[in-house]
Amino acid sequence: MSFLKNLENLFETKVDKCLVCNNQIESTFGWFDIFCERPIRKLCLKCEKKFSKIFGDICRTCGRELRHLSIEYYQDGKCMDCIRWEKNNQQFLDRNTAIFNYNDFMKEIISRIKYRGDYKLMGIFNDLIVEKIDFFKKEEFIAIPIPLSEERHIERGFNQAEAFGKACGFHMIHALSRIHSEKQSKKSRSERLKTDQVFRLESLNLAGKKILLIDDIYTTGTTLQHASRILKVQGGAREVHSLTIARS
Amino acid sequence: MEEKLIFFCAFFCVIGTVTGLQFEWYLVGLFCIFIILLKKRFTWFQLALFAFFFMTFFLNAILAEQLNNSILKGNEISLEIGFRKSPNIDGDSFSGFATDIESGERIWLSYKIQTEDEKMILEKNCLVGEVFKVNGKLKHPKHDTVENGFDFHDYLKRNNTHWVLNAQQLNHLRTENSISAKILQVREKAILKIKSTFPDPLMSYTIALIFGDQKQIDENAYRAYQKLGIVHLFSISGAQVGFIVWLLYTGLVRLGISQKWSMVIVIVMIPFYAGLTGFSPSVNRACGMVIILFISRLLRKRISPLICLCLCMILYLLIQPYQLYSIGFQLSFSICCGLILSQKILGREDRNPVSQIFIGTLICQVSSLPILMVHFYEVSLLGFLSNLIYIPLFSFFFFPMTIIIYFLHLMMGNLFHSFLRIGNFLFQELYDFSKLLSNTPFSSICFGKPSTIFMLLICFGVFFVLFSLEQNKPKQVITSFFVLFTILLLQFNSNFISSNGEVTFIDVGQGDSIFIRLPHNAGNYLIDTGGIFSIQKESWQEKVSKFDPGKDVILPFLRSKGIRKLDKLILTHADFDHIGGSKAIFENLEVEHLLIPTGQNEEFNKYEWFNQKKIDLIQQIVKTGVRWKIGDNFFEVIHPETTSGDKNSSSIVLIAKINGVNFLFTGDADLVAEEEILSKYALQVDVLKAGHHGSDTSTGKTFLERIRPNVSIISVGENNRYGHPSSEVIDRLKENRVHILRTDTQGSVKFNIKNGTFTTFPPYHKAQ
C-alpha cells in the first residue's frame, strides 16, 4: 500500500498558495532550483509587490522614511517626532527598525491578523526581512514582545507582537506585563503621549543587556518609549532597540 | 515540483544514454555522485525513478548499438539502390546516403561521374524515388587517421550505415511510385526548382532558410560565418517553427475551425513540415515541443516550457539515442534549455527591450560555450557582438524577405526577376560585410580540444555564471565571470601547463608533414605541409571544395592542439607534396620563422603565396650548421651544405634530440645526400623518417647500417601512383631489424615525448 501512496505522492503536484490572496503561486524553475531547494513560498509576486518596503533616507531613531516628509519635519536625519521626544527628555528607545510603510495594503494585512485572527498570515514577513533578523540574532539581543493586557489577550487569543517574534524565530523573554487595559488605537495622539507608565517589569536581571522590543506597528512611539524607559530605568538595560512590522 | 522531477529525469536520461553509447566508469561515478547529491531533495521513490530512467536509457543505447548491424555481407558487387535525399554533387564526385532496396540497409555511395552529360542529368533531375543499379565494391568506412579528426566510420555508424560503395557504374532502372517516395520528392523538387531559377547567393540562402539544407552555401562564406559564430542562423530555428505554427494555427482559427480541431490539424501537419525541412535536430526539437504542448492543451493540462522541452528530449533520445552525438541536437537543446531556465534573468522587470536582447544573447553564448569548445576548439570573440547585430537582422529582415521572395516567385513565376536580383544583391552585401568582419584580428580564439576534466570545469563555470546572474548579486556575478574566465585561461594555456609533448607524423596522404610540439610550449615546429597535386581537369569536373591537406587536415589538427603560432615552419624543399598545404597555414596561422633550404628560393617563388607572405614572418635560408637548442632539446640542420641542381637532394635534413631520443628528418633527401651526410657526421639515430616516402632512391643500405635506427616512419599515401614505398626499402629496413610504421596503413604516428611511446591513429584495435 505504501507503494501506491508513494506513487500518488510522486504525481501529486504540490501547489503553493498565496496566504494573502489565496491564488496559486507561479514559480518558474530556474538555475537556482537545479542546485538548491527553494523555501516554500507564502506570497505570490503580485501581493509581494504591494508591500512598500522602507528604503532610502530614514529617521535614525524611529526608522521612518524621510522622503515623503516635507523639509521642515526633519533635521539631521531625525524626524520632528523624535526630536520632540528628545527635547522632553523622554527618548529612551535607541533605535526602531521598521520594515514596511503602513500603506492600505499593510493596514488590511495587520487588521486581518489582529482583528480577524488570521494568525498564519504573520508568517509572510520573516522571509522578507531575513537579513535584519540575522543581524539582531548575531548581536545577541534579548527579544521581548510588547505584551497585551490579559483581557485583550483573551479576546484576541494571541499576542500579535509575540506572534511576529515567533515567526521570525526569536527566542523571547516575557519581561514585561501591562497594568493598563485601555485600547491604544482608540486614543488620540495627545492622549497617548500623556499616558503614564503602562508596563510592569517582571524580571530584573537585564543590567547591561541589549534589548530588542518587538511590536507590530510604530505609530507615535509612546508604547515603545514607555517600555524602553522601564527597561532602562528599572531594568538597567544598556541599549533598547525595537523591531516593528510597519511604521505609520 | 513537477518541473524539478522531470528536469532531473531528462538529465539522467542523457547520462544513461552517454554511458550506454560509450561506457566509461567515470560516467557511472557521475551518476552515483548525482544520486547522492540529490538524496536530501527527493524521496527514495523519486531517486528510484531516476535510477530507472538511467538504466532504461542505458539499455536503450546498448540495444541500439546491438541492433545497429549490417545485413549486407560485403561481397555484393551489384545493388539496386534508391535515394531518400539528393546526394551531393561537386565537380565529378557524386556522394551521399543511398538505400539498398532489397535489404533496406543504408550505404554511403560514392561515384565518379563519367561525362558532362551524365552530370547534367544527375543534377537536373530529382533522384529521390528513382531506382538505380550500381556496380562496385563495398568497403568498410575508415576511422580518422589524424588525431581529433573527423571519424567517417563513426559518423556513418551513427547513421546506421556500415558500408561505403565505390560505384563504377550507375544505371537508372525504374521509377518508384510509392506514397512515401512522393512525399520525399516534394522537398527535393522544390530545392531543384530554386537551384535552377534563383541566382547564386540567394539560391543557397533560400534553400538553407526554407528547406534547411546548408550544403549549398559557399565554403568560404560558411567559414566566415563560423568565425563570427552565427552559422546557427542558417539552420531553421525553433523561432521559425514557432512562427510557422502560429501562422497556421491563427489561420485555421480565423477560418472558423474550433480551437480544438485547429490544434489537432496542427499536430497532424507539423511532422510534414519537419520532413520538408529535412528533419534537422533543431526543427525536430521545436516540432516535438509544439506537439507536446498542443496535446497537453487538448488534455486540458497546463504544461511549462521546461517540462515540454524535457519530455521532448526524453522521447527524442528514446527513439534516436545516436542523435546525442549530433552537434545540432546538442546546441539546440542546450541553448533552448539555457533560455528556459533563465526566465527569471530575462523577465526581471527593470529590463528594457535592449538590455533584454543583450542578456538573451549573453545567455545563448554562455550556454553553448562548452559544446562549441568541444567540437570546434575555438570560441568566437565576435560572436557576442555579431549575434547582437545578426539575430535581429535575420529574424526581422532576411528570413521574412526570403519567405516573401520564395512565395512570390512560386505564385508569379519569372515576373519577379528584378526582385530576385535585389534579394541576391542584399545577400551578396551581407557576405561581403561578414567577410570583412570575420577578418578582423582576434575574431576568434583557439583553445584546443579540452580534456574531460576541463570540460567538466567549463560546464561548472557556465553553471556558476548563470546561477549568479539569476541571483542578481553584483559581487557574485563578477566572481562567477572571473571563475569562468580563469578556467578558460587555463585551457588557453594548456600547452604551457602540459609537460608532455609530441612528434606527430601526420597522415596527409602522399606527402610529408611532421608536427613537433615541445613540452611547456617551448617550441611548435611543423616540418612540411603535405599537398595534393591537382591534375588538369575539365571545368565541369573541377570541385568547388578541393581537398587540401593544409586546410582540411593540418589546420584542424593544429587547432585541436590549441596551436595558435608556429615557431618554425620548415619546408624541406619546393616539391608540391611538401609545401602545397602551406598556403592555408600562412593564411590562418601565425608563423614566426620560415626555414627553406639554400638554393631553392626561385622554386619557392613559383608559388604565388610565397610572394604574398605576411611581412612579420622571418624567412631563413638555411644550410648545414644552423642549429638551435631549447632546454635539453637540440636541433641541427645537417644538409644541404651547398646549392645543387636537384630539389630532392638538396632537401633540408634535420637531426633532433628530443628528451634523449634522436630523430632524423630527411625530407626527400636521396642516396647522394645520404652519402654526403655520412661523410661528415657520425650519427646515432633512434627514429628515422625514411627519405622520399620510402622510395628506393633513398634510405641506402650503408646509410642504414651506419646510423642504425630502431624505428622508421614512412610518410606515404595509400595506393599512390609512384609505388611508394618500394619493397626494396622495406626489405632493407627489415634486414636491419628496423621497426616500420607507415602512415598509409597505420595512419598518423605520434611519438609521446614524455613517456617515449608511439601511438597510431586510428588505434590498432580500431584499424582492424
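The values are calculated or read from the model by the stated rules, or taken from the named source; none is laboratory data. Just so you know, these numbers come straight off a predicted model, no measurement behind them. Every residue, glycine among them, receives a Cβ derived from its backbone with ideal geometry; neighbour counts consider all protein chains shown. Ligands, DNA and RNA are stripped out before the accessible areas are found, and what is left, the full protein with its side chains, is counted by its heavy atoms. Shrake-Rupley method; radii C 1.70, N 1.55, O 1.52, S 1.80 Å.
Do we have B:Leu339 as assigned to a helix (DSSP H, G or I), open to solvent by 50 Å² or more (accessible area, probe 1.4 Å) and not β-branched (Val, Ile, Thr) here? First the steps, then the outcome.
Details: assigned to a helix (DSSP H, G or I): yes; open to solvent by 50 Å² or more (accessible area, probe 1.4 Å): yes; not β-branched (Val, Ile, Thr): yes.
Judged against the criteria, B:Leu339 is a match.
Can you tell me how many residues in the stretch B:709-760 are open to solvent by 50 Å² or more (accessible area, probe 1.4 Å) and of a type outside the set (Gly, Ala, Ser)?
So the count comes out to 18.
Among (1) polar (S, T, N, Q); (2) modelled with pLDDT of 85 or more; (3) under 25 Å from A:Ser228 (Cα atoms), which single condition is A:Ser52 missing?
(3)
So B:Thr43 ticks every box in (1) away from chain A (no Cβ under 14 Å); (2) at pLDDT below 90 but one. Which box is left unticked?
(1)
I'd like the full set of residues that are of a type outside the set (Lys, Arg) and within 17 Å of B:Gly448 (Cα to Cα), limited to the stretch B:527-565.
Pass one, the stretch B:527-565, residues of a type outside the set (Lys, Arg): B:527-536, B:538-542, B:544-545, B:547-550, B:552-558, B:560, B:562-563.
Within the stretch B:527-565, B:Asp552, B:Val553, B:Ile554, B:Leu555, B:Pro556, B:Phe557, B:Leu558, B:Ser560, B:Gly562, B:Ile563 qualify.
If you go through the stretch B:70-85 one residue at a time, do you hit one that is touching a strand residue (DSSP E or B) at 6+ places or on another chain (Cβ under 8 Å) and among the basic types (Lys, Arg)?
Taking the stretch B:70-85 as the starting set, the residues that turn out to be touching a strand residue (DSSP E or B) at 6+ places or on another chain (Cβ under 8 Å) are B:70, B:72, B:74-85.
Going one step further and asking which of them are among the basic types (Lys, Arg), we end up with B:84-85.
Yes, the stretch B:70-85 contains a residue that is touching a strand residue (DSSP E or B) at 6+ places or on another chain (Cβ under 8 Å) and among the basic types (Lys, Arg).
Just a yes or no: is a residue in the stretch B:504-512 farther than 23 Å from B:Val374 by Cα and in contact with a strand residue (DSSP E or B) (Cβ under 8 Å, 6 or more places away or on another chain)?
Keep residues of the stretch B:504-512 that are farther than 23 Å from B:Val374 by Cα, which gives B:505, B:508-512.
Imposing the further condition that a residue be in contact with a strand residue (DSSP E or B) (Cβ under 8 Å, 6 or more places away or on another chain) reduces the set to B:505, B:512.
The answer is yes; a qualifying residue exists.
Within the stretch A:119-132, can you find the residues that are out of contact with any Asp or Glu (no Cβ under 9 Å at 6 or more places or on another chain), of a type outside the set (D, E, K, R) and open to solvent by 10 Å² or more (accessible area, probe 1.4 Å)?
A:Tyr119, A:Gly123, A:Asn126, A:Val130
Which ones in the stretch B:436-476 are among the β-branched types (Val, Ile, Thr) and in contact with a strand residue (DSSP E or B) (Cβ under 7 Å, 6 or more places away or on another chain)? Reasoning before the result, please.
So in the stretch B:436-476, the residues among the β-branched types (Val, Ile, Thr) come out as B:440, B:445, B:452-453, B:458, B:462, B:465.
Scanning the stretch B:436-476 gives a single hit, B:Ile445.
If I filter the stretch B:293-313 for residues that are modelled with pLDDT of 95 or more and within 26 Å of the chain's Cα centre (by Cα), do I get at least one hit?
Yes, some residue in the stretch B:293-313 is modelled with pLDDT of 95 or more and within 26 Å of the chain's Cα centre (by Cα).
Which members of the stretch B:487-541 meet the condition of being among the small types (Gly, Ala, Ser), touching a residue at least 24 places away in the same chain (Cβ under 8 Å) and closer than 24 Å to B:Leu741 by Cβ? Steps first, answer last, please.
Going through the stretch B:487-541, the residues among the small types (Gly, Ala, Ser) turn out to be B:494, B:498-499, B:501, B:509, B:511, B:513, B:522-523, B:530-531, B:534, B:539.
Going one step further and asking which of them are touching a residue at least 24 places away in the same chain (Cβ under 8 Å), we end up with B:494, B:499, B:501, B:509, B:511, B:513, B:522-523, B:530-531.
Hits for the stretch B:487-541 are B:Gly501, B:Gly509, B:Gly511, B:Ser513, B:Gly523, B:Gly530, B:Gly531.
Quick one: count up the residues across the stretch B:86-114 that are assigned to a loop (DSSP other than H, G, I, E, B) and within 15 Å of B:Gln169 (Cβ to Cβ).
Initial filter on the stretch B:86-114 (assigned to a loop (DSSP other than H, G, I, E, B)): B:86-87, B:91-92, B:101-105, B:113-114.
Pick out the ones that are also within 15 Å of B:Gln169 (Cβ to Cβ) and you get B:92, B:113-114.
Total satisfying the criteria: 3.
Could you check the stretch B:650-768 for helices (runs of 4 or more DSSP H) lying wholly inside it with 3 or more residues that are within 27 Å of B:Asn633 (Cα to Cα)?
On the way: elements: B:671-680, B:701-707, B:727-735, B:743-746, B:764-767.
Answer list for the stretch B:650-768: B:671-680, B:701-707.
I need the full set of residues from the stretch B:540-595 which are under 20 Å from B:Lys750 (Cα atoms), part of a helix (DSSP H, G or I) and open to solvent by less than 30 Å² (accessible area, probe 1.4 Å), in order please.
B:Pro549, B:Gly550, B:Val553, B:Ile554, B:Leu555, B:Phe557, B:Leu558, B:Ser560, B:His578
Across the stretch B:177-217, what is the number of residues that are part of a loop (DSSP other than H, G, I, E, B) and open to solvent by less than 70 Å² (accessible area, probe 1.4 Å)? So that I can check it myself, show each step before the final result.
Looking only at the stretch B:177-217, we keep the residues that are part of a loop (DSSP other than H, G, I, E, B), and these are B:177-178, B:198-199, B:212-213, B:217.
Imposing the further condition that a residue be open to solvent by less than 70 Å² (accessible area, probe 1.4 Å) reduces the set to B:178, B:198-199, B:212-213, B:217.
Matching residues across the stretch B:177-217 total 6.
From B:Ile319, B:Ile314, B:Ile291, B:Ile327, which residue is of a type outside the set (Asp, Glu), surrounded by 16 or more Cβ atoms within 10 Å (Cβ to Cβ) and over 12 Å from B:Val241 (Cα atoms)?
Working: B:Ile319 fails: surrounded by 16 or more Cβ atoms within 10 Å (Cβ to Cβ); B:Ile291 fails: over 12 Å from B:Val241 (Cα atoms); B:Ile327 fails: surrounded by 16 or more Cβ atoms within 10 Å (Cβ to Cβ).
One residue alone meets the criteria, B:Ile314.
Residue check: is B:Ser262 surrounded by 15 or more Cβ atoms within 10 Å (Cβ to Cβ), closer than 13 Å to B:Leu248 by Cβ and more than 14 Å from chain A (Cβ to nearest Cβ)?
Values: surrounded by 15 or more Cβ atoms within 10 Å (Cβ to Cβ): yes; closer than 13 Å to B:Leu248 by Cβ: yes; more than 14 Å from chain A (Cβ to nearest Cβ): yes.
So B:Ser262 fits the description; yes.
Suppose we filter B:Asp92, B:Asp117 for residues that are of a type in the set (D, E, K, R) and open to solvent by less than 30 Å² (accessible area, probe 1.4 Å); which single one remains? Quick ask: steps written out before the conclusion?
Numbers: B:Asp117 fails: open to solvent by less than 30 Å² (accessible area, probe 1.4 Å).
The conditions single out B:Asp92.
Before we move on, is B:Phe329 closer than 22 Å to B:Cys459 by Cβ, in contact with a Cys (Cβ under 9 Å, 6 or more places away or on another chain), at pLDDT 85 or above and not assigned by TED's automatic domain parsing to the domain that holds B:Leu59? Before the answer, list the steps.
Numbers: closer than 22 Å to B:Cys459 by Cβ: yes; in contact with a Cys (Cβ under 9 Å, 6 or more places away or on another chain): no; at pLDDT 85 or above: yes; not assigned by TED's automatic domain parsing to the domain that holds B:Leu59: yes.
No; evaluated as a whole, the condition is false for this residue.
Restricting attention to the stretch B:10-33, which residues are hydrophobic (A, V, I, L, M, F, W, C), away from chain A (no Cβ under 11 Å) and in contact with a helix residue (DSSP H, G or I) (Cβ under 9 Å, 6 or more places away or on another chain)?
The initial filter retains those residues of the stretch B:10-33 that are hydrophobic (A, V, I, L, M, F, W, C), namely B:10-15, B:18, B:21, B:23, B:25, B:27-28, B:30-33.
Right, trim to away from chain A (no Cβ under 11 Å) and you get B:10, B:12-15, B:18, B:21, B:23, B:25, B:27-28, B:30-33.
Scanning the stretch B:10-33 gives B:Ala10, B:Phe12, B:Cys13, B:Val14, B:Ile15, B:Val18, B:Leu21, B:Phe23, B:Leu27, B:Val28, B:Leu30, B:Phe31.
Yes/no matrix, rows are residues, columns are (1) crowded, with 19+ Cβ neighbours inside 10 Å; (2) touching a Gly at 6+ places or on another chain (Cβ under 8 Å); (3) within 14 Å of another protein chain (Cβ to nearest Cβ); (4) acidic (Asp, Glu):
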position: B:Lys449; (1), (2), (3), (4): yes, yes, no, no
position: B:Gly461; (1), (2), (3), (4): yes, no, yes, no
position: B:Lys473; (1), (2), (3), (4): no, no, yes, no
position: B:Val477; (1), (2), (3), (4): no, no, yes, no
position: B:Phe482; (1), (2), (3), (4): no, no, no, no
position: B:Ser494; (1), (2), (3), (4): no, yes, no, no
position: B:Gln510; (1), (2), (3), (4): yes, yes, no, no
position: B:Ser513; (1), (2), (3), (4): yes, yes, no, no
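Can you list the helices (runs of 4 or more DSSP H) found entirely within the stretch B:218-327 that contain at least 1 residues being farther than 30 Å from B:Thr440 by Cα and touching a residue at least 60 places away in the same chain (Cβ under 8 Å)?
On the way: elements: B:219-228, B:238-254, B:259-276, B:281-298, B:305-319.
Counting at least 1 such residues, we get B:238-254, B:259-276, B:281-298, B:305-319.
I need the full set of residues from the stretch B:607-625 which are loosely packed, with under 13 Cβ neighbours inside 10 Å and either over 30 Å from B:Ile677 (Cα atoms) or modelled with pLDDT under 80 (or both), in order please.
Once the filter is applied, which keeps residues that are loosely packed, with under 13 Cβ neighbours inside 10 Å and either over 30 Å from B:Ile677 (Cα atoms) or modelled with pLDDT under 80 (or both), the stretch B:607-625 yields B:Glu608, B:Asn611, B:Gln612, B:Lys614, B:Ile615, B:Asp616.
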